[in-house]
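Take a look at the structure set out below.
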Amino acid sequence: MKKILVTGCLGQIGSELVMRMREIYGTENVIATDIRRVDGNIVIESGPFEILDVMDYEAMLNMAKKYQVDTFIHLAALLSAVAEKKTKLAWDLNMGGLVNALEVARELKLKFFTPSSIGSFGPGTPQDLTPQDTIQRPTTMYGVTKVAGELLCDYYFTKFGVDTRGVRFPGLISYKTLPGGGTTDYAVDIYYEALKNKKYTSFIGKGTYMDMMYMPDAIDAIIKLMEADPAKLKHRNAFNITAMSFEPEQIAASIRKFIPEFEMDYDVDPVRQGIANSWPNSLDASAAYQEWDFNPQYDLDRMTKDMLENLSKKLGIPFKAKELVSA
Ligand code: SER
């Protein structure tokens, strides 16, 4: 990767990926795009930024040509809970944007990354240690677009030789940018509320296990996969990855190690609970370990400590984490 175009760069992943790649590849070599401009945003202020609607193929092609990029990272998409409400828009944006991006990659011979998700699985998938290659019959619009996206990326690889690569992200937890309407967002919200109110009402029910990962590991995974030797990749779209699997009581217990008075209760949202129930409890990420040295660093307690420390600075709420015995 030498010159990289990123769509959806103001989202939860894009805002951190762009900044990290600018450190590694040089500020001028990472072209950030999004459909909107936000005044004072660090991604916009710190390097090249352009407005780009991913539904506009010509604009996308011209942007990639203008900057002579060699890599395309396509992140613009709706997340699961929003996609269940806006089904037509989810299809149009998630699939229309992706096929436009793949066409640009084909035309200009670009290396290509787009994320898939645990949402690409469904109720018929083995739920524990979900294998890399298994049944994918999702029952959400988000999942339908993700599994179709995986197939489309593999199609562009086998048919046209486009170097497409992808991962199935679990829930991503970060303190810099909020996720935009996902099912796993409870595991982000809980840290904000723990600091602000020492109390959280979870919209995901007790005992609901989902895979999760801290954002630094997710960013590292994208860069590692994109830099991996193609000869070693038996899979392409997309690799199972995960760093931890937990249910709400476990993340609450982790927070209590730092904020002992923290309390949690439940007000389960049937839509998001239904989505969560259709997803795996835990993924088997062994193909990612074997084929491109996936190596996450954060477990639940280490992530909790880092989240609380950084959010306390961001929110201006004093918090002093004691050293973890197990950390
Ligand atoms: N975090 C995403 C969501 O909940 C899953 O890919 O929609």
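No lab work stands behind these numbers, since they all come straight from the coordinates. None of these values were measured; they are calculated from a predicted model. All Cβ positions, even for glycine, are placed from backbone atoms using ideal geometry, and neighbour counts span all protein chains on display.
Values computed for the structure shown
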| quantity | calculated |
| --- | --- |
| Trypsin sites (Lys or Arg not before Pro) within region 22-66: DSSP coil, no more than 12 neighbouring Cβ in 10 Å | ARG36, ARG37 |
| Residue with peak Gaussian network fluctuation, the chain [Cα springs, cutoff 10 Å], from ASP56, ASP189, ASP154 | ASP56 |
| Under-5 Å amide H pairs with THR201, H placed in peptide plane, nonlocal only | ASP265 |
| Backbone HN-Hα couplings from phi across region 42-55 [Karplus 6.51/-1.76/1.60, Hz, Gly and Pro as x] | 4, 5, 6, 6, 8, x, x, 9, 9, 6, 8, 8, 5, 7 |
| Two-site label geometry, LYS85 and ASN277: point separation in nm, points 7 Å out along Cα→Cβ | 2.1 nm |
| Cut-off of 10 Å, at most 13 other beta carbons, DSSP loop: longest stretch of the chain lacking such GluC sites (Glu not before Pro) | 1-260 |
| All aspartates and glutamates inside 12 Å of LYS3 as judged from Cα atoms, apart from same-chain residues fewer than 8 positions distant | GLU28, ASP70 |
| Cα convex hull of the chain - mean projected area over all directions, nm² | 15.8 nm² |
| Listed residue pairs exceeding 32 Å between alpha carbons, taken from LYS65/LYS159; LYS111/LYS196; LYS86/LYS232 | LYS111/LYS196; LYS86/LYS232 |
